[in-house]
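Here's the structure we're looking at; comments come further down.
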Amino acid sequence: METGKIIFYLISIMIVIFGLLTVTTRKLFRSAIYLLFTLINVAALYFCLNYEFIAAVQIVVYVGGIIVLILFSLFLTQQAGLDLPKPSFSRVALAASLSVFGFIFVFLLFYFSSSSLEVAGPVEVTMKAIGTQMLSFTKNGYVLPFEVVSILLLAAMIGCIAIAFRTKENG
Amino acid sequence: MAEVPYQHILFLSFALFFIGVYGFFTRRNMITMLMAVELMLNSVNINMVVFNKYLFPGELEGLFFTLFIITIAAAEAAIAIAIIINIYRKFKTIDAEDVDSMKF
């Protein structure tokens with residue numbers, strides 16, 4: 001067993017444990033912090049896979065942006081210290097059976113079809129290749145989705161301000 | 001890291017996805033439902049990166065899909081939280097069961 005393997009299995013165990021804690025704990029702030037740990041571990045997984053750029057984006061956007069946003073909205077909408085009510089047994093049973101059967105289904109589907117996949121040797125992804133292909137407008141270039149997604153972000157920003165703007169009649 | 005078979009990373013991403021599904025169906029607080037959706041999006045990202053790295057290492061398509069998914073997830077979280085805060089102002093709660101004024 002080599003070091004890289006051990007680190008990978010440690011990271012995956014932590015991802016699963018913190019993910020489970022995120023969806024099962026009844027304290028809201030702890031749930032947000034467990035989500036933070038899950039996202040950091042996913043970033044560590046990207047580092048292990050040598051996708052440093054994706055790991056950096058994951059840390060900047062998810063850990064730095066979305067978690068802070070979620071924590072702020074928790075502070076705004078939730079009375080501090082209140083636990084969530086316990087979900088009813090029928091709902092827990094339904095959700096648990098749905099996810100367990102779904103997992104087994106996908107597992108079996110994958111198990112019986114994966115022999116046909118061909119694994120190529122891993123290569124390094126350089127930052128230069130990412131930047132060149134991202135802004136290239138020839139074949140396989142991604143400049144059009146890049147521009148479209150920037151328009152989407154602008155629209156989302158204006159939309160957020162318009163939705164959360166406090167007007168006289170409902171404020 | 002190259003020794004880890006890609007199947008194991010895919011099993012990790014399946015597990016994370018169904019953890020997200022479980023959370024989405026049990027939780028009734030809107031913010032925790034949003035957090036479950038973030039877990040599912042993360043598992044999809046892991047999937048994309050693994051397929052890119054192990055099956056098509058010469059291409060960068062999976063990497064770009066991951067980048068765009070992360071971008072759109074950020075926009076989605078911002079919009080969702082704006083809507084949730086507006087709902088909280090109107091109903092004084094963010095429990096999905098209590099917001100039922102459009103329910104038939």
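The values are calculated or read from the model by the stated rules, or taken from the named source; none is laboratory data. All values reported here derive from a predicted model rather than from experimental measurement. Every residue, glycine as well, gets a Cβ built from its backbone with ideal geometry; the counts of neighbours run over all protein chains shown. Calculation scope for accessible area: heavy atoms of the full protein, side chains included, ligands and nucleic acids excluded. Shrake-Rupley method; radii C 1.70, N 1.55, O 1.52, S 1.80 Å.
The table for this structure:
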quantity: Selection from the range A:36-62 of residues that are open to solvent by 10 Å² or more (accessible area, probe 1.4 Å), over 16 Å from B:Ile81 (Cα atoms) and β-branched (Val, Ile, Thr); calculated: A:Ile40, A:Val57, A:Ile59, A:Val60
quantity: Any hit, the range B:65-76, residues being farther than 17 Å from A:Ile59 by Cα, within 7 Å of chain A (Cβ to nearest Cβ) and surrounded by 20 or more Cβ atoms within 10 Å (Cβ to Cβ); calculated: no
quantity: Filtered residues of the range A:64-98 (kept if in contact (Cβ under 8 Å) with a residue 24 or more places away in the chain and among the basic types (Lys, Arg)); calculated: A:Lys86
quantity: Of all residues in the range A:82-104 being at the interface with chain B (Cβ under 7 Å from one of its Cβ atoms) and open to solvent by 80 Å² or more (accessible area, probe 1.4 Å), the one that is farthest from B:Asp98 (Cα to Cα); calculated: A:Leu98
quantity: Pair list, Cβ under 6 Å, 6 or more apart: the range B:10-27 residue under 15 Å from A:Tyr9 (Cβ atoms) and more than 7 Å from chain A (Cβ to nearest Cβ), other residue surrounded by 20 or more Cβ atoms within 10 Å (Cβ to Cβ) and of a type in the set (Val, Ile, Thr); calculated: B:Ser13/B:Ile46
quantity: Tabulated pairs, the range A:104-133, first within 15 Å of B:Phe14 (Cα to Cα), second modelled with pLDDT under 70 and surrounded by 10 or more Cβ atoms within 10 Å (Cβ to Cβ), C-beta under 6 angstrom, 6+ apart or interchain; calculated: none
quantity: Answer from B:Gly58, B:Gly62 - the residue that is among the small types (Gly, Ala, Ser), open to solvent by 40 Å² or more (accessible area, probe 1.4 Å) and more than 24 Å from A:Val68 (Cα to Cα); calculated: B:Gly58
quantity: Extreme residue, farthest from the other protein chains (Cβ to nearest Cβ), among residues of the range A:63-79 that are among the β-branched types (Val, Ile, Thr) and open to solvent by less than 40 Å² (accessible area, probe 1.4 Å); calculated: A:Val63
quantity: Test for B:Phe51: is it open to solvent by 10 Å² or more (accessible area, probe 1.4 Å), modelled with pLDDT of 90 or more and assigned to a helix (DSSP H, G or I); calculated: no
